[in-house]
Amino acid sequence: MLSYLHAYHAGNFADVLKHTCLIHTLDYLAQKPKPYFYLDTHSGPGLYRLDDSESQKNCEYQNGIGPLWEAQNLPEAIERYRSVIQNCNQANSETDLTYYPGSPWLAAELSRPQDRLSFCELHPRENEVLTQNFQRDRRIKVFHQDGFQTAIATLPPKERRGLVLIDPPYEVKQDYQRVVEVLTACQKRFATGTYAIWYPVVKRSTIDTLLHQLKQSGIKNIQVFELGLQADTSERGMTSSGMILINPPWTLWRAMEKSLPFLAKQLGGDKGVYRMEQLVAE
């Protein structure tokens, strides 16, 4: 199934959580001069205009980056996140919130000349735009192939350090099981790597199963962060989203302790919720 287009959801509250974690982790990796490898398994086109028809359909950025754009007294990790989004707009000659970067743009922007990046995207149109967006960057390879399979095939990286972002659309139920299977296989090949996995909370029992399977996988050092606009509901639709971090930066937990309560209140008001859990110890 290739019907999912992230432009409909660009800049929403789920992106705020995902990209705050991603930026913090990339910044951490860049503290050491040694090169790192970055792999994005489900990249999308890499850059979105928030005034185009797809983003305007639901205007989901209004429950995400929108309320943060001019907010005051942001936690440090959220201030850093916003500054990167501002840099994206300035790079495209905009001062207002017009563009929103996807994870490929963030990775390309924050990585250094010595780092190496691979982006995967199966959707034909999305892959074409992704290729055009990054064709001049020699550090980057764009693959029109399954990101799950690519992750297993390309690990371990020659750099022996790096980050794998696994961000499937979960259009089919099998994606949840594939995440566990692929993580287990990848971690056997590259145990010291950092892995960041995004998931939507549509049905809580599905997420409970996912996390239980990860706990039983034998993988160590797993942290879970969730952000929601409201508590779980039996109605259809995503109420929360989460990030699973394997071998996260040691600084991430403290950053999220300050960031998640702020985001829950700022984006969800009195109904906002969040979660932090050390799922598996180091």
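The values are calculated or read from the model by the stated rules, or taken from the named source; none is laboratory data. Because the structure is a prediction, the values reported are computed rather than measured. Virtual Cβ from ideal backbone geometry, glycine too; neighbours counted across all protein chains shown.
For the reader, a short list of remarks on this structure follows.
- Just one residue in the set S205, S234 is of a type in the set (G, A, S), at pLDDT below 95 and part of a helix (DSSP H, G or I); that residue is S205.
- Counting residues in the stretch 209-226 that are surrounded by 13 or more Cβ atoms within 10 Å (Cβ to Cβ), touching a Cys at 6+ places or on another chain (Cβ under 7 Å) and within 23 Å of E60 (Cα to Cα) gives one or more.
- Every pair of residues 6+ apart whose Cβ atoms lie under 7 Å, when the first sits in the stretch 113-137 and is in contact (Cβ under 8 Å) with a residue 12 or more places away in the chain and on the phi < 0 side of the Ramachandran plot while the second is of a type in the set (V, I, T) and part of a helix (DSSP H, G or I): S118/T154; C120/T150
- Test result for L74, among the hydrophobic types (A, V, I, L, M, F, W, C), surrounded by 14 or more Cβ atoms within 10 Å (Cβ to Cβ) and in a loop (DSSP other than H, G, I, E, B): yes
- Condition check for A107: under 15 Å from the mean Cα position of the chain (by Cα), farther than 18 Å from R136 by Cα and buried (at least 22 other Cβ atoms within 10 Å of the Cβ): no
- Residue count for the stretch 153-168, restricted to those that are in contact (Cβ under 8 Å) with a residue 12 or more places away in the chain and surrounded by fewer than 18 Cβ atoms within 10 Å (Cβ to Cβ): 5.
- Filtered by the rule that a residue be in contact with a strand residue (DSSP E or B) (Cβ under 6 Å, 6 or more places away or on another chain) and either part of a loop (DSSP other than H, G, I, E, B) or among the aromatic types (F, W, Y) (or both), the stretch 247-282 gives N247, P248, Y274.
- Residue in the stretch 273-281 that is closer than 14 Å to L17 by Cβ and either acidic (D, E) or buried (at least 17 other Cβ atoms within 10 Å of the Cβ) (or both) present: yes
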